[in-house]
Structures are given as C-alpha cells and as structure tokens.
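The values are calculated or read from the model by the stated rules, or taken from the named source; none is laboratory data. Bear in mind that the values here come from a model prediction, so they are computed numbers and not experimental data. Quick reminder, even Gly has a Cβ in these numbers, built from the backbone with ideal geometry, and neighbours come from all protein chains shown. Keep in mind that these areas ignore ligands, DNA and RNA; they rest on the heavy atoms of the full protein, side chains included. Shrake-Rupley method; radii C 1.70, N 1.55, O 1.52, S 1.80 Å.
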Amino acid sequence: MSDKVNLLNLTRGDMEAFFADLGEKPFRAKQVIQWLHQYGVSDFAAMTNLSKALRGKLAEVAEIRTPEVLVDQASADGTHKWLLKLDKGNSVETVFIPEKNRGTLCISSQVGCALECSFCSTGQQGFNRNLSVAEIIGQVWVANKALGWDPLANGKEERIISNIVFMGMGEPLLNFDNTVKTIDLLLDDFAYGLSKRRVTVSTSGVVPALGRLKEVSDVALALSLHAPNDELRDKLVPINQKYPLREVLDACRHYISGDTRRKVTIEYVMLDGVNDSPAHARELVKVLRGLPSKVNLIPFNPFPDTQYRRSTDAAIERFREVLIKNGLITLTRRTRGDDIDAACGQLVGQVTDKTRRIQNKLAVG
Ligand code: SAH
Ligand code: SF4
C-alpha cells in the first residue's frame, strides 16, 4: 500500500488543510479540486497553473488513485454497468442510467451490505468494508471518463452525469463520514457543482444517522420502506427490528422539516404475493399520512436462488391505483439494464465477506 495521500479522498476543506501543511496558500485547494473533478485530470504534470516545483512536490507526497475498471458492460437500452476493483478481494458495481433529460449514476458506498434485506442480492453477499471517499467519488470520476466526457479536449461541455443516487451496493448511512464528504464534493461548485435536488441518499432507515445527516446536509432522501407494517417489514428489512416503522417515518419527517416543498421518496419493491395486495396499498396510504412523500414502486429484480418473484403488472397497476386515488404521487420505476443485471438490487461485485466468515467461525468453534 502506498503511503502517499490520495487527493481524491479530500474535500476542499481537507485539501486546504493539506496545502497549509505543505506551506502553500489555501487557493491551491480550489485549483487542484478543479483539476481533479472539473477536468478529470489524474496527472500532476497537466496542472498547468501550479508551479513546476509544486507539481514536483505533489508527485512526491500525493497521488490520484481511482478504482480500476475490470468490466464495462452496456445494455441495449443505453444503461452502463462497471465492475470496479478496489483491492485484491473487493470490487463494487456502478450503474449509469441515461434518460431524456438527465443521466443518473447509481453509486456504491460499501463492499456488500451487513443489513441482509431478504430481497436484495447485495444483502445476500455479506459485508466486507466501507468505501473510502476516493472510492465513492472515484466511481463518478471513472464513469465520466468511460462515458467519453473530456473537457480538456472538448471544452467544458455539459456533464453527461446530471444526477447521483446512493442506490448501489451498501447502506450509505452506515458509512456516514465518507458519504457526507462525498456529498460535499458533489455539491461543491469547484468540484461537481450539483444542486442538492440532484443528489439522493437512499437508506433502509438508520434512524440515528438520519438525525445526524440533517445537521450536515440537505440532499434529497429516499427511504426503502417496502412494507406498510412492522410485522412484514421486520422480515423484509431486518433493521426494522431495531428502528421500527414509526421511528423511521418520524426521522424522515424531521429530515425534510423546515422546507415545505420537500418530499421523501418512498421506495417499495413489488414482491409477488408478499407485499403487493390492495390491502397493503391501503395500509401504506394510512402509514404515509402526514409525511410529504412520493412513492416509487420498484418491480422486484430477481437474482439466482431468490425465494421471491416479481409482482404481476396487473398487481402493480392495482396497487398504484389505490395510492393515486388517495392522493399519493406514485410512479412505477421502469426496469433498466436488466439484460446486464444492472437493475436495482442486482449489483454484486466481489465481496470477501467478513461477517459470514466470523459467523461461520462462531458456529463451528
Ligand atoms: N442500502 C440502501 C441503498 C441501496 S439499495 C437502501 O436500502 O436504501 C437501493 C434500492 O434498491 C433500495 O430501495 C433497495 O431496497 C432496492 N432493491 C434492493 N434489492 C432489490 C431487488 N432485488 N429488486 C428491486 N429493488 C431492490
Ligand atoms: Fe443493504 Fe439496501 Fe440491500 Fe438492504 S436493500 S441489504 S440496506 S443494500
């Protein structure tokens, strides 16, 4: 492992401290952040507004290290998926979804996930470790490059990636500090300059972390609800046993409080015969009363050895009608990139699972 500082780990504030340590002026941070994130530069020699001496010094003490692309797949519908190597035993997946008026990148925050939601392929793989800031923001960096974005050659053209969602592998609120630093870079005008509405954190409902997130950030929030009562949610989203429905919904209400225009996106995976009846829909309407929200119905995306099946189109439509009749804005998420297993919940990567190994050891020994 290199002991050089990977500059992709640093927010602008961190970078200012880094340059202060080198005896340099704070404005160097802005310049280098721009080179890294607005021009996609990974070579100090290209940073032409820094003196040669400073570039030399940087090359000695710092590096710009991004995840390595192992596989790059394109779907017939324009969706892209990259398998990115982080270290010897670990890789994660990142997905780009182009739409008419936007391009959304779905990024991973952990290698695997410890929360073991029963319908999620990532959750079935176990957990290895949190991603660093460089590894999270590095997904944006790598995807930009792979999509052909090259402002040094072509001028500062519109970015291809306009929206970021933390909906890849892992639970972002359990990698809190690195998620917050990544958000900082995504919103920073000298880095990606995205508006807070174009960055969405998706969580299964880590209540204390939601409270802390409100203190430091106001990006968009999506809650993976998936069930309208505790009995069912305990089974589908086991973290519900620790933070039950009422507490999660209260934490969401608190998160968007202070701005009457904001809504929480409620994600609800449609599982055949499990949570998709009109009675469930009516229960959901009741549960969401008092929380400004819009609902995204996600047809279940299957993966090998799963016990679940996707709800029928008719069941999804019936469910949606109940919600709409009761005044809830409801969309059914179109399945994208399923020919390359790039749809929600299908991301796998390579996870050297520590949790399972520990559990196995306990079981044996
Ligand atoms: N851990 C976070 C973010 C990653 S999961 C969370 O749970 O919110 C992103 C979204 O994909 C979540 O709403 C998740 O519930 C959903 N998802 C997981 N597995 C799925 C599957 N097999 N089919 C459809 N959606 C799935
Ligand atoms: Fe983890 Fe989210 Fe998958 Fe649940 S749905 S196992 S929280 S990644």
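Computed values, structure above
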quantity	calculated
Lys, Arg +1 and Asp, Glu -1 on Cβ, resulting dipole of region 149-232 about Cα centre, debye, nearest 20	140
For region 27-65 versus region 268-330, the gap between their alpha-carbon centres in whole angstrom	49
S195/K294 FRET efficiency (R0 22 Å; Cβ-Cβ; nearest 0.05)	0.75
Extended-chain gain in nm, criterion 0.36 nm per residue less alpha-carbon gap, S162 and D259	32.6 nm
Extreme residue, positive dipole direction of region 24-176, given options Q34, N49, S91 (C-beta unit charges)	N49
Estimated FRET transfer efficiency when R0 is 35 angstrom, pair D339-T48 (beta carbons, to 0.05)	0.20
Size-normalised alpha-carbon gyration radius of the chain, reference 2.2 N^0.38 Å	1.03
Unit charges on C-beta of K, R, D, E only; dipole of region 5-63, Debye	240
Within the accessible area of the chain (1.4 Å probe), percent carbon and sulfur	50
Label-point separation in nm, D305 to E321, each point 7 Å along Cα→Cβ	4.0
Extension gain from A114 to N101, taking 0.36 nm per residue of separation minus the Cα-Cα distance	1.2 nm
Accessible area of the chain divided out per residue, in Å², using a probe of 1.4 angstrom	46
DSSP-defined antiparallel bridges as percent of all bridges, the chain, nearest 5	45
Virtual spin-label span in nm between N229 and L147, 7 Å along Cα→Cβ	4.3
Calculated FRET efficiency for the pair R282/E68, C-beta based, R₀ 45 Å, to 0.05	0.35
Rounded to the nearest 20 debye, dipole of the chain from Cβ charges on Lys, Arg, Asp, Glu	640
Packing-based ranking, highest mean first, of 112-124, 35-47 given that Cβ atoms within 10 Å are counted	112-124, 35-47
Relative packing of 248-259, 295-306, which averages over residues the other C-beta atoms within 10 Å, highest first	295-306, 248-259
